[in-house]
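This report refers to the structure that appears directly beneath it.
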Amino acid sequence: NAGVTQTPKFRVLKTGQSMTLLCAQDMNHEYMYWYRQDPGMGLRLIHYSVGEGTTAKGEVPDGYNVSRLKKQNFLLGLESAAPSQTSVYFCASSYELRGDGYTFGSGTRLTVV
Amino acid sequence: GEDVEQSLFLSVREGDSSVINCTYTDSSSTYLYWYKQEPGAGLQLLTYIFSNMDMKQDQRLTVLLNKKDKHLSLRIADTQTGDSAIYFCAEFFPSNDYKLSFGAGTTVTVRA
């Protein structure tokens, strides 16, 4: 089925380790986003991309890096994981910036110990 | 400002109506959205309203917008157990670089 696929679904990291979360969409969407979801805080935008080869900082970008080398993929990297990065991460894509066109992935639950 | 606030929990009896409330601060919002998140899943768009509208109805869902008070509500008629989920209010406005701002989410529990 068409949509947004996130890998992995679960991961446990030790403090200081690095990892990359992959988001792939097959809807030819221009815009892609990485959010983190924390209890009582809703979704906060980490980074986003308005097209292949572009990235921009969102609300909470510190400690994360992103790349969009191919239109269908948006990678989120943690260079040196910290316990404060324990969260559920959601990727989304959209055909336009308005919120009615967003498709979300099912999330990656990351625990940093 | 771009804060979106929601109450965190709502418990409702099956068959009753649910009303989820949201307040926002940016008067330049153009679109306001309601998303639903079921356990273990991503967010799905439920409905949205354009800022020049007061009300929108879609089957069991009614969205009310009070621009003067910057208040948005979602009413779910005849609430069913499948409506148990987290509901997020979100606003979209140009002064936020055209990005969505989400509330913290309201967890709705439907009891028999």
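Looking only at the range B:1-36, count every residue that is charged (D, E, K, R) and within 21 Å of A:ARG98 (Cβ to Cβ) and tell me the total.
Quick first cut of the range B:1-36, residues charged (D, E, K, R) only: B:2-3, B:5, B:13-14, B:16, B:26, B:36.
Okay, now just the ones that are also within 21 Å of A:ARG98 (Cβ to Cβ), so B:2-3, B:26, B:36.
The qualifying residues number 4.
Could you please find all residues in the range B:7-36 being surrounded by fewer than 21 Cβ atoms within 10 Å (Cβ to Cβ), facing chain A (nearest Cβ under 9 Å) and within 17 Å of B:LEU61 (Cβ to Cβ)?
B:TYR31, the sole residue that qualifies.
Considering only the range A:94-109, how many residues are more than 7 Å from every other protein chain (Cβ to nearest Cβ) and within 15 Å of B:GLY42 (Cβ to Cβ)?
Adding up the residues that qualify gives 5.
Going by the structure shown, is A:ARG68 out of contact with any His (no Cβ under 8 Å at 6 or more places or on another chain) and under 20 Å from B:GLY40 (Cβ atoms)?
It is false that A:ARG68 is out of contact with any His (no Cβ under 8 Å at 6 or more places or on another chain) and under 20 Å from B:GLY40 (Cβ atoms).
Kindly indicate whether any position in the range B:82-90 is in contact (Cβ under 8 Å) with a residue 60 or more places away in the chain and over 10 Å from the mean Cα position of the chain (by Cα).
There is at least one residue in the range B:82-90 that is in contact (Cβ under 8 Å) with a residue 60 or more places away in the chain and over 10 Å from the mean Cα position of the chain (by Cα).
What is the number of the single condition among (1) surrounded by 17 or more Cβ atoms within 10 Å (Cβ to Cβ); (2) away from chain A (no Cβ under 14 Å); (3) closer than 17 Å to B:CYS22 by Cα that B:THR79 does not meet?
The number of the failed condition is (3).
Of all residues in the range A:39-69, which are in a strand (DSSP E or B), closer than 18 Å to B:LEU100 by Cβ and either of a type outside the set (Lys, Arg) or modelled with pLDDT of 95 or more (or both)?
A:GLY42, A:LEU43, A:LEU45, A:ILE46, A:HIS47, A:TYR48, A:SER49, A:ALA56, A:VAL66
Does A:PRO83 satisfy being surrounded by fewer than 20 Cβ atoms within 10 Å (Cβ to Cβ), under 13 Å from the mean Cα position of the chain (by Cα) and farther than 24 Å from A:MET27 by Cβ?
Against the criterion (surrounded by fewer than 20 Cβ atoms within 10 Å (Cβ to Cβ), under 13 Å from the mean Cα position of the chain (by Cα) and farther than 24 Å from A:MET27 by Cβ), A:PRO83 does not qualify.
The values are calculated or read from the model by the stated rules, or taken from the named source; none is laboratory data. None of these values were measured; they are calculated from a predicted model. Ideal geometry is used to build each Cβ from the backbone, glycine not excepted, and the neighbour counts take in all protein chains shown.
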